[in-house]
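Student: A single structure is presented below for examination.
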2 protein chains.
Amino acid sequence: MKLSQFFFKSRKDIPSDAALISHKLMIKASMIKQITAGIYTWLPLGLKIIKKIENIIRKVHDKYGCQELLMPTIQPSSLWKKSERYNDYGPEMLKFHDRNKKELLYGPTNEELITEVFKEYINSYKDLPKNLYQIQWKFRDEIRPRFGVMRCREFLMKDNYSFDLTKKDAENTYNNMFKCYLEIFNNIGLKVIPVKADPGAIGGDLSHEFHLISQSGDNTILYDKKLGDINKLDYKNSFDLLRNIYSVTEDEYNKKKDLDLTKLVKTKGIEIGHIFYFGTKYSEKLNASVLNNKGKKVYVEMGSYGIGVSRLVAAVIESSHDDNGIIWPKNISPFHVGLINLNMKNVNLNKTCKKIYDFLIKNKVDVLYDDTKQTPGEKFSTMDLIGLPSQIILGENSFKNNYFEIKNRKNNNTIKCKINNLKKILEVI
Amino acid sequence: MKLSQFFFKSRKDIPSDAALISHKLMIKASMIKQITAGIYTWLPLGLKIIKKIENIIRKVHDKYGCQELLMPTIQPSSLWKKSERYNDYGPEMLKFHDRNKKELLYGPTNEELITEVFKEYINSYKDLPKNLYQIQWKFRDEIRPRFGVMRCREFLMKDNYSFDLTKKDAENTYNNMFKCYLEIFNNIGLKVIPVKADPGAIGGDLSHEFHLISQSGDNTILYDKKLGDINKLDYKNSFDLLRNIYSVTEDEYNKKKDLDLTKLVKTKGIEIGHIFYFGTKYSEKLNASVLNNKGKKVYVEMGSYGIGVSRLVAAVIESSHDDNGIIWPKNISPFHVGLINLNMKNVNLNKTCKKIYDFLIKNKVDVLYDDTKQTPGEKFSTMDLIGLPSQIILGENSFKNNYFEIKNRKNNNTIKCKINNLKKILEVI
């Protein structure tokens with residue numbers, strides 16, 4: 001993609017209510033545009049990151065035996081009356097009537113709806129377990145939407161729901177989803193801490209939130225110092241460790257205070273995922289049962305599992321940026337690499353940049369080429385702001401000496417690369 | 001995917017109001033489930049087809065220089081008051097208030113919103129043309145939703161919007177999108193007829209609907225007999241022909257009746273796409289202008305282009321089915337191939353099926369394996385209903401003789417294939 005053609009503008013007019021750095025950077029980098037309070041358009045640069053996260057989520061969910069479907073954004077209120085959550089949910093639920101005066105609502109979550117769908121297709125223990133997911137927009141009418149897409153009203157969430165015959169099966173599914181989440185965050189390139197959260201009426205330890213550690217987090221979490229430096233954790237082999245170590249939300253800690261504070265790390269976190277076992281809470285109310293191997297009707301054991309996809313984009317920026325802009329983890333970066341031509345007036349330099357651009361495209365490297373007429377200083381700022389992991393930089397001086405530079409956005413390390421050795425780019429970036 | 005694990009049930013309880021064959025087949029094949037009037041959940045089998053169509057649309061749009069973004073489903077009503085469409089739209093627009101009494105609506109289309117987005121980022125002729133698209137859910141509160149997803153209320157649509165400096169540029173863009181649409185429908189595997197439609201107040205010939213010919217279509221179209229058999233049309237080289245041949249909606253025909261009926265084919269069609277140039281209608285009302293090369297402010301010339309993605313799924317079924325079920329075009333088939341094991345009790349047969357299944361997955365062939373305990377008759381019905389282009393069939397008799405069969409769903413042609421020559425499958429399917 002050529003920057004001169006891309007729907008992008010490095011914005012300077014950041015609204016005064018943008019308190020979070022992620023909110024500022026997302027506006028500055030044309031990732032989002034607010035339409036009205038808490039409702040955003042995702043511009044091309046922002047949407048690219050959403051799509052990358054979605055694809056990672058899909059791949060790992062499919063691997064873990066989940067199947068994707070898509071529920072509508074709008075639901076009949078009657079379902080929520082059956083589950084007795086209609087009034088509980090309060091004014092955060094966006095309720096309205098259609099032209100025939102039927103009561104509808106914009107789904108804030110989908111336990112009711114998925115249970116309705118499930119029960120029409122599954123009625124034997126032989127068809128269990130089932131685990132269904134979707135990535136769909138939801139709406140919660142926050143009284144004070146703020147922090148950009150971190151706490152907005154229309155938001156994108158991956159939600160899945162599991163159906164098991166017994167509590168033991170449900171527990172296995174729960175642990176499976178715990179692993180699934182570790183793998184997703186690992187694949188995105190994030191270090192997260194699962195913390196025990198409020199299990200609600202059902203009790204037990206089958207409720208975990210997944211937190212990204214960040215000073216701007218709106219939650220406080222505490223975990224055992226034994227965990228050590230989480231940046232050194234290998235998530236592929238850490239299930240047992242993370243599932244069993246003492247690690248809780250502040251609310252949970254305050255209930256028992258069963259570990260001395262000196263043994264704990266207390267820090268701020270951003271919740272980006274939640275897994276939750278709730279047993280037969282909805283299956284009983286909505287009458288979702290199967291026949292077991294003795295022909296007896298039993299209500300299915302359910303759990304739900306969420307990842308805030310749009311919120312995750314902001315959370316990643318909170319945990320990965322510097323004074324110059326965003327630093328994307330490689331796997332969700334909107335482009336693989338940036339290409340900066342520092343002087344568009346130099347014909348030979350242009351030719352070489354075009355050659356590199358074509359070479360990258362031919363090798364399936366998704367490149368953003370700054371072919372604009374901005375000054376070198378502006379070009380450096382723009383590319384640092386956007387935050388691609390590597391930048392290929394061609395200026396007059398290095399060009400005269402037949403080389404160009406590849407800069408690592410994170411640590412600013414720069415290596416030189418000969419113009420006649422383009423293949424080296426593929427090894428470095 | 002193993003059918004025993006897939007979220008699928010061949011349903012027999014088809015609602016009596018399902019008048020269209022596509023509606024019946026989609027329910028029968030667990031592709032969709034109605035949630036309330038005109039609102040559906042897309043089950044795994046149905047969603048797979050949506051995703052395939054989306055991917056074809058994305059690839060071709062990107063190739064034609066369009067950029068993807070994503071607008072929210074909910075919009076402030078104020079925008080529609082500015083464009084003076086708020087009252088015109090009537091009761092089909094779903095309107096409501098949020099908790100702060102702000103007037104909102106669920107977007108039925110997005111000319112206003114995209115114009116608002118555009119004007120904040122583009123203000124010079126140097127940044128034109130721009131062409132922005134999205135694939136997003138929309139809502140139209142139909143008074144009588146019917147025909148399944150063919151005329152539902154919450155529906156998925158690809159909509160894009162072009163912005164040009166001059167009318168001539170806009171006309172070029174229009175023709176470019178005309179080609180883009182031919183390529184999309186060609187890649188999906190559909191034969192469509194573009195017909196001139198009502199250009200509205202603006203006049204001219206820059207309004208075309210794209211119709212799939214089908215006896216169940218709710219539109220009548222007329223086109224010049226010279227076009228011949230549309231099944232023989234080569235869409236890659238037919239732009240000039242299709243752009244210039246006489247071909248109109250019935251309404252347009254009745255305005256002038258400028259060609260004798262004997263020279264025309266009159267048939268029913270399902271509208272699956274619409275492209276439309278509307279000039280400065282919205283840019284003037286919403287003040288979207290750029291400075292031209294003389295520093296003069298000019299309103300941008302706009303067009304909009306839509307494809308009904310969810311409706312298209314039903315339209316394809318209307319035009320491609322037989323008494324036994326659906327017949328998917330290869331490029332949007334939910335799986336590449338079906339694998340039928342006619343006797344799950346035969347251990348050796350099971351082993352061979354498993355070997356074929358693994359072979360296909362290793363070769364990246366997306367296979368649906370019927371490993372259920374249904375009878376052979378039921379298995380044949382199920383696979384025909386689902387409508388994958390090819391079926392690999394293993395029964396006792398052929399197995400004894402060391403071969404299996406590959407059936408072409410469309411023409412029922414069957415070829416024999418030796419069990420020790422699995423590579424042949426890849427050539428045939």
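The values are calculated or read from the model by the stated rules, or taken from the named source; none is laboratory data. All values derive from a computational prediction rather than experimental measurement. Positions of Cβ are generated from backbone atoms using ideal geometry, with glycine treated the same way; all protein chains shown enter the neighbour counts. Quick note on the areas: whole protein, heavy atoms, side chains included, nothing else; ligands and nucleic acids left out. Shrake-Rupley method; radii C 1.70, N 1.55, O 1.52, S 1.80 Å.
Student: Copy-to-copy spacing for B:Glu54, label 7 Å out on the Cα-to-C-beta vector, in nm, shortest first?
Tutor: Ordered by distance, the counterparts are at 0.4 nm.
Student: Now, a different point. Placing +1 at every Lys and Arg Cβ and -1 at every Asp and Glu Cβ, with all other atoms neutral, what dipole size does chain A have around its Cα centre, in debye to the nearest 20?
Tutor: Numbers: 69 positive and 51 negative charges, 284 e Å.
Approximately 1360 debye in magnitude.
Student: So how do B:Phe96, A:Phe380 rank on accessible area, 1.4 Å probe, biggest first, that is with the largest at the start?
Tutor: Numbers: B:Phe96 10, A:Phe380 70 Å².
Final ranking, largest accessible area leading: A:Phe380, B:Phe96.
Student: Given a Förster distance of 25 angstrom, what is the FRET efficiency for B:Thr414 paired with B:Met344, based on the Cβ-Cβ distance and rounded to 0.05?
Tutor: 0.70
Student: Another question about this same structure. Distances in nm, one decimal, shortest first, from B:Asn231 to the same residue in every other copy, taking the label point 7 angstrom along Cα→Cβ.
Tutor: Distances to the matching label points in the other copies: 6.6 nm.
Student: Also, quick follow-up: Using a 1.4 Å probe and counting only protein heavy atoms, arrange B:His97, B:His211 so the residue with the most accessible area comes first.
Tutor: Working: B:His97 100, B:His211 0 Å².
Of B:His97, B:His211, the descending order of accessible area is B:His97, B:His211.
Student: Sticking with this one: Suppose every K and R has +1 on its Cβ and every D and E has -1 on its Cβ; what is the size of the dipole of the protein assembly as shown about the Cα centre, in Debye to the nearest 20? Write down the numbers at each step before the final one.
Tutor: Working: 138 positive and 102 negative charges, 377 e Å.
Its charge dipole is roughly 1820 debye.
Student: In terms of modelled amide H atoms, which long-range or inter-chain residues lie less than 5 Å from the amide H of B:Gly279?
Tutor: Sorted by chain and number, the residues that satisfy this are B:Met302.
Student: Take the Cα coordinates of region B:335-428, assign each an equal point scatterer, and use the Debye formula without solvent to give log10 I(q)/I(0) at q = 0.14 Å⁻¹.
Tutor: Taken in order of the listed q values, log10 I(q)/I(0) reads -0.43.
Student: Still on this model: Quick one: ranking A:Arg151, A:Arg85 by accessible area, 1.4 Å probe, largest first, what do you get?
Tutor: Values: A:Arg151 65, A:Arg85 40 Å².
The ranking, largest first, comes out as A:Arg151, A:Arg85.
Student: Tell me, what does the Kirkwood hydrodynamic radius of chain B come to in angstroms if you use every pair of distinct C-alpha atoms?
Tutor: On the way: mean 1/r = 0.0419 Å⁻¹.
Result for chain B, one decimal place: 23.9 Å.
Student: Quantify how strongly other chains surround peptide B:62-72 by giving the mean number of their Cβ atoms within 10 Å of each of its Cβ atoms. Mind showing how you got there, number by number?
Tutor: On the way: counts 1, 0, 0, 1, 0, 10, 7, 11, 13, 7, 14.
Partner-chain Cβ atoms within 10 Å, mean over residues of B:62-72: 6.
Student: Then there is this: Tell me which of A:Ser30, A:Leu3, A:Leu69 sits at the most positive position along the dipole axis of chain A, charges placed on C-beta atoms (Lys, Arg +1; Asp, Glu -1).
Tutor: A:Leu3
Student: Here's something else I'd like to know. Evaluate Rg over Rh across the protein assembly as shown, taking Cα atoms for both radii and Kirkwood's formula for Rh. Before the final figure, lay out each step's value.
Tutor: Details: Rg = 28.4 Å, Rh = 29.4 Å.
Result: Rg/Rh = 0.96.
Student: Answer with one residue from A:Ser238, B:Val117, B:Ile317: the one whose Cα lies farthest towards the positive end of the charge dipole of the protein assembly as shown, charges on Cβ with Lys, Arg +1 and Asp, Glu -1.
Tutor: The residue sitting most towards the positive pole is A:Ser238.
Student: At the nearest 100 Å², what buried accessible area, both sides summed, do you get for A and B when the probe is 1.4 Å? The partial results should precede the final answer.
Tutor: Working: alone 20740 and 20680 Å², together 36200 Å².
Separately minus together, A and B give about 5200 Å² buried.
Student: Measuring from a point 7 Å out along Cα→Cβ, what nm distances, shortest first, does B:Thr220 have to its partners in the other copies?
Tutor: In ascending order, 7.5 nm.
Student: By how many nm would the segment from A:Asn363 to A:Asp205 grow when fully extended, if each residue of separation counts as 0.36 nm and the alpha-carbon distance is taken off? Working shown, then result.
Tutor: Details: separation 158, 0.36 × 158 = 56.88 nm, distance 4.82 nm.
In short, 52.1 nm is gained.
Student: Mind checking the mean number of beta-carbon atoms from other chains within 10 Å of the Cβ atoms in A:1-8? Let's see the in-between values first.
Tutor: Values: counts 2, 0, 0, 2, 5, 3, 11, 3.
The shielding value for this peptide is 3.
Student: Tell me which B residue has its C-beta closest to the axis rotating B onto A, and the distance in Å?
Tutor: B:Phe96, 2
Student: I've got another one for you. So what does A:Glu154 come to for accessible area, using a 1.4 Å probe and Å² rounded to 10?
Tutor: 10 Å²
Student: Let's see if you can work this out: charge +1 on each Lys and Arg Cβ, -1 on each Asp and Glu Cβ, no other charges. What is the dipole magnitude of region A:1-134 about its Cα centre, in debye to the nearest 20?
Tutor: Values: 23 positive and 15 negative charges, 164 e Å.
Using only the charged Cβ atoms, the result is roughly 780 debye.
Student: Specify which residue in the list A:Tyr305, A:Asn287, A:Asn348 is farthest towards the positive end of the charge dipole of region A:266-348, using unit charges on the beta carbon of Lys, Arg (+1) and Asp, Glu (-1), about the Cα centre.
Tutor: Value computed over the given set: A:Asn287.
Student: Right, here's the next one. Using the Karplus curve 6.51 cos²θ - 1.76 cosθ + 1.60 with θ = phi - 60°, what ³J(HN,Hα) values do you get for each residue of region B:301-308, in whole Hz, with x for Gly and Pro?
Tutor: For region B:301-308, the Karplus curve yields 8, 10, x, 10, 9, x, 10, x Hz.
Student: Something else about it: Kindly write out, for region A:138-155 in residue order, the coupling ³J(HN,Hα) from the Karplus curve 6.51 cos²θ - 1.76 cosθ + 1.60 (θ = phi - 60°), rounded to whole Hz, with x marking Gly and Pro.
Tutor: 10, 9, 10, 7, 3, 5, 9, x, 7, 6, x, 7, 6, 9, 10, 9, 8, 9
Student: Could you derive backbone 3J(HN,Hα) for region B:71-85 from the dihedral phi with the Karplus parameters 6.51, -1.76 and 1.60 (θ = phi - 60°), listing whole Hz in sequence and x where the residue is Gly or Pro?
Tutor: Going residue by residue, I get 8, x, 6, 9, 10, x, 5, 3, 4, 6, 6, 4, 7, 6, 9 Hz, with x marking Gly and Pro.
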